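Notes for the one structure printed next.
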Amino acid sequence: MARALAEGTSDARLFLHAGIIELAAGDRVQGRRWLARARQLERMLLPSEREWLADPTTRARRLSRAL
């Protein structure tokens, strides 16, 4: 994820996934930053991804349990 973000691409999906990963890893501050960037580009997201953005903590909990 770090390499993808380092490229500087402005992509809502990338930001959404980065935010969820950070939340799952326990970094709420950075997770919220990435999710805020995803919200700025929300129109680029699929309907299912917009649902994740609306409730990212549930998605992050599922991810952390899977790890």
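The values are calculated or read from the model by the stated rules, or taken from the named source; none is laboratory data. These numbers were taken from a predicted model, which means no experiment stands behind them. With ideal geometry, Cβ positions are generated from the backbone for all residues, glycine too; neighbour counts draw on all protein chains shown. With ligands, DNA and RNA removed, areas are computed over all heavy atoms of the protein, side chains included. Shrake-Rupley method; radii C 1.70, N 1.55, O 1.52, S 1.80 Å.
In the chain, helical runs assigned H by DSSP with n ≥ 4 each contribute -39500 (n - 2.57); averaged across all residues and rounded to the nearest 500, the mean residue ellipticity at 222 nm is -22500 deg cm²/dmol. Whole-Hz Karplus ³J(HN,Hα) for the range 19-36, in order, using 6.51 cos²θ - 1.76 cosθ + 1.60 and θ = phi - 60°, x for Gly and Pro? Karplus values, whole Hz, x for Gly and Pro: x, 5, 4, 5, 4, 5, 7, x, 9, 5, 5, 5, x, 5, 4, 5, 5, 4. Note on the chain: Cα-Cα pairs beyond 17 Å make up 34% of the total pair count.
Each of L16, W34, S64 was scored by the projection of its Cα onto the charge dipole of the chain, and the greatest displacement toward the positive side belongs to S64; charges sit on the C-beta of Lys, Arg, Asp and Glu.
Entry comment: accessible area of the chain is 69 Å² per residue, from protein heavy atoms only and a probe of 1.4 Å. If I take every Cα pair under 8 Å that is 6 or more residues apart in the chain, average their sequence separation and divide by the length, what percent do I get for the relative contact order? After rounding, I find 35 percent.
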